[in-house]
1. Residue 267 is checked against (1) more than 13 Å from the chain's Cα centre (by Cα); (2) without any contact (Cβ under 8 Å) to a residue 40 or more places away in the chain and fails just one. What number does that condition carry?
2. Do we find that residue 274 is outside the structural domain of residue 60 (by TED's automatic domain parsing), within 19 Å of the chain's Cα centre (by Cα) and either in contact (Cβ under 8 Å) with a residue 60 or more places away in the chain or within 13 Å of the ligand (Cβ to nearest atom) (or both) in this structure?
3. Does the stretch 308-352 hold any residues that are on the phi > 0 side of the Ramachandran plot and in a loop (DSSP other than H, G, I, E, B), and which are they?
4. Scan the stretch 218-232 and tell me whether some residue there is out of contact with any strand residue (DSSP E or B) (no Cβ under 9 Å at 6 or more places or on another chain) and more than 16 Å from the ligand (Cβ to nearest atom).
5. Give the residue, chosen from 282, 300, 295, 250, that is modelled with pLDDT of 95 or more, crowded, with 24+ Cβ neighbours inside 10 Å, outside the structural domain of residue 89 (by TED's automatic domain parsing) and more than 16 Å from the ligand (Cβ to nearest atom).
6. Does residue 203 fit the bill of being more than 16 Å from the ligand (Cβ to nearest atom), crowded, with 19+ Cβ neighbours inside 10 Å and either over 18 Å from residue 140 (Cβ atoms) or modelled with pLDDT of 95 or more (or both)?
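The values are calculated or read from the model by the stated rules, or taken from the named source; none is laboratory data. Small disclaimer: the values here were computed from a predicted structure and weren't measured. Backbone-built Cβ (ideal geometry, glycine too); neighbour counts: all protein chains shown.
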Ligand code: MG
């Protein structure tokens, strides 16, 4: 096999505006627009791969946009000369060059999957083991706010075909229970409601919320408390199906979190890209867990990467995925992949299967 080498690394920046005003999470975390960073890898043989990383603001996870850009600048020289089709070599080189910062490494990892697919003439879903479904259910997050506003948002997305809703909660637990009940009444049998506090409750409030929601069918409880230790205790106090998100950062964390959850919200950036997400997805699938597949934020490129992992996940163990390019206004690849009636599908062209128009983006850094 002739050798292929990464010859140039280019970082681009653009701003992604939320499509529905203010995206509000627990703890006063509010987002209206976020800087996303696009990585383009080019090889000496003319192969190109793209990916993006867009942390959900600086106070959601230990990740932020300027950190992603600094980390990628730190990593870029160590990528030159590597064969991007060798995901093991690329990930090893990144870990040797910089500890942590998986949210930045994720973009390089995914761009290499894009190149691998382009080189092989196969979509990334095939390289991830093979697509298991023609399409899959999508969800949307409903920002924390007044009950009426949350119900109206649910009704509007429901009219577009969405049947899975994740409520941003983590405020007063009794008011949060009222929000959840009101949304439940605005939906129908078969719809799924996720009560996601994003770790916004401490133990006592999480217990109050769980007790208030305990008898509600169709409601899942997501990351009630910030620490795994608290979530383990909450788990002993409720029969609500539980999903963990922020605390599941790697395989070790997955195994520690297992007694506290039925499902995992798997975000590509949080775990360091598709290579590590596939490992966690495959291990968790064998352990009987269900998965929400997504990223913390992103546009067309993030949505494409998510779509390939979601399509290759066992349908019975895929809770849902997000197409975040429906949540945001700024499209760099023509708003592809495109959702349809609340469902998503993986692109069928080689690689990620989307073509970003980088001429419209700001060039941040070129390393060659
Ligand atoms: Mg979550």
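1. (1)
2. The answer is yes for residue 274.
3. If the condition is that a residue be on the phi > 0 side of the Ramachandran plot and in a loop (DSSP other than H, G, I, E, B), then 334, 335, 341, 342 are the ones that fit.
4. yes
5. After ruling out the rest, the residue left standing is 300.
6. Working: more than 16 Å from the ligand (Cβ to nearest atom): yes; crowded, with 19+ Cβ neighbours inside 10 Å: no; either over 18 Å from residue 140 (Cβ atoms) or modelled with pLDDT of 95 or more (or both): yes.
Against the criterion (more than 16 Å from the ligand (Cβ to nearest atom), crowded, with 19+ Cβ neighbours inside 10 Å and either over 18 Å from residue 140 (Cβ atoms) or modelled with pLDDT of 95 or more (or both)), residue 203 does not qualify.
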